[in-house]
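Here the structure comes first, spelled out in structure tokens, and everything after it is commentary.
Values in this text are rule-based calculations from the coordinates and carry no lab data. It should be emphasised that the depicted structure is a prediction, and the values quoted were computed from it without experimental measurement. For neighbour counting, all protein chains shown are included, and Cβ atoms are generated from backbone atoms with ideal geometry for every residue, glycine included.
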Amino acid sequence: MSSPAPIAASRRAGTWRGSIPKCSGRSSVRWSKAPLWRRRNCGTEMTANPKLAEGLAEYLSAVRGVPGTPLEAARLLADRNAHRIACPLPAGMSVVNSFVVRAGDEVPVRIYRPAAAGPLPAIVYYHGGGFTTGSIETYDPFAMALAEASGAVVVSVHYSRLPEATPRAMIAQCHDALRWIARMAGALDIDTDRIAVAGDSAGAFIAVQVALLARDGGGPALACQLLCYGVFDLDEARASYASARDPVLTLPLIKAVIAAYRAADARDPAPFDVPLRSDLSGLPPAILLEAEHDAVVEEGREYAERLQAAGVATCLRIAPDMCHGFLRAVRFSAPARAEMRWLGDQFRTLVQSRK
């Protein structure tokens with residue numbers, strides 16, 4: 001199986017800036033000189049039934065739920081059926097469940113350790129699910145594959161979800177989990193100079209907010225941020241949402257996610273804005289992996305531009321023929337596995353410079 005081809009080295013969201021090694025890997029589209037947020041649909045014409053990479057249709061069939069299922073039942077059924085997308089444990093990898101104990105609650109975490117001598121780099125991973133669903137069980141394939149591809153200890157965090165929680169409480173909990181992992185560096189046998197945050201979809205939004213808190217004095221210092229098809233804005237009026245033909249992230253679902261976020265936030269307004277309207281200066285280097293057919297690909301490009309404008313070393317890849325959530329399809333899709341290897345290779349190259 002061939003790996004993704006390299007990204008063209010240029011100023012436009014496809015290269016590292018500063019002394020960081022160049023971003024390798026090339027997306028399937030040409031980058032124009034126009035600002036990235038003016039370009040839609042990844043430079044290709046979208047159709048009602050976009051071409052999907054090998055194995056994605058089988059994955060989508062495995063995770064498809066019953067429309068109209070109440071949220072509480074949908075969460076349970078997703079966990080119960082997580083075996084449908086589960087992957088074999090890589091040779092030598094250990095997986096341990098534990099808890100971040102805080103005043104008033106305990107946050108479940110799942111710790112993936114590759115077969116390698118420590119201290120290892122660490123990635124604190126926040127799963128997707130539109131802030132309301134998703135768990136360390138249903139995102140187990142992503143976290144396990146990331147640990148294998150990156151050679152890092154991956155700690156998957158099961159944060160409190162909306163609408164029961166509020167965005168303010170959710171982000172504080174996720175930041176506490178990051179700080180706990182840094183404090184437990186000795187027990188985890190990880191290198192505190194090589195700790196990163198990662199997230200996909202809504203989890204990427206969370207990872208950015210946690211990185212901002214760490215930058216603003218909450219610590220710890222971060223080596224990088226890995227952001228996969230992230231939600232960086234919460235504006236249902238975005239034209240790209242209505243024009244996208246992603247089979248996963250549809251316009252009704254986007255509107256429901258935004259409504260749930262706003263309703264929960266209204267109970268205890270958060271002191272932070274969405275990533276696209278935040279001060280991004282001083283953040284650690286960012287690796288962004290987007291999906292060609294995704295409804296949020298435009299805001300991913302825009303976020304990459306904002307990072308670069310703030311002086312943050314940034315690497316962006318748009319995976320061809322992919323839909324939202326494709327990295328959970330590693331059991332079914334050779335192209336998805338290749339994209340995960342690309343993500344891991346970028347991380348390895350970056351943290352190697354910090355040893």
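Side notes on the structure shown:
- With both labels modelled 7 Å from their Cα along Cα-to-Cβ, the VAL66 to SER98 distance reads 3.9 nm.
- Relative contact order (percent, whole number), region 177-266, Cα cutoff 8 Å, 6+ residue spacing: 24
- Cα-projected label distance for MET184 with GLN352, points at 7 Å along beta-carbon direction, nm: 3.0
- Length gained on full extension, ALA239 to ASN81: 53.4 nm, using 0.36 nm per residue less the C-alpha separation.
- Arranged from fewest to most other beta-carbon atoms within 10 Å of their beta carbon, ASP273, ASP191 become ASP273, ASP191.
- The chain: relative contact order in percent, alpha carbon pairs under 8 Å with at least 6 residues between: 24
- Two numbers describe the Cα atoms of the chain: Rg and Dmax, which are 18.5, 52 Å.
- Sum of -39500 (n - 2.57) over DSSP H runs of 4+, divided by residues of the chain (222 nm, nearest 500): -10000 deg cm²/dmol
- Extension gain (nm, one decimal) between LEU89 and ASN49, 0.36 nm per residue minus Cα-Cα: 11.0 nm
- Of the Cα atoms belonging to region 164-208, the radius of gyration and Dmax stand at 12.0, 35 Å.
- Charged side chains reduced to their Cβ positions (Lys and Arg at +1, Asp and Glu at -1) give the chain a dipole of some 840 debye around its Cα centre.
- You can think of it this way: the chain between PHE272 and ALA57 has 73.7 nm of extra reach, that is 0.36 nm per residue less the Cα-Cα gap.
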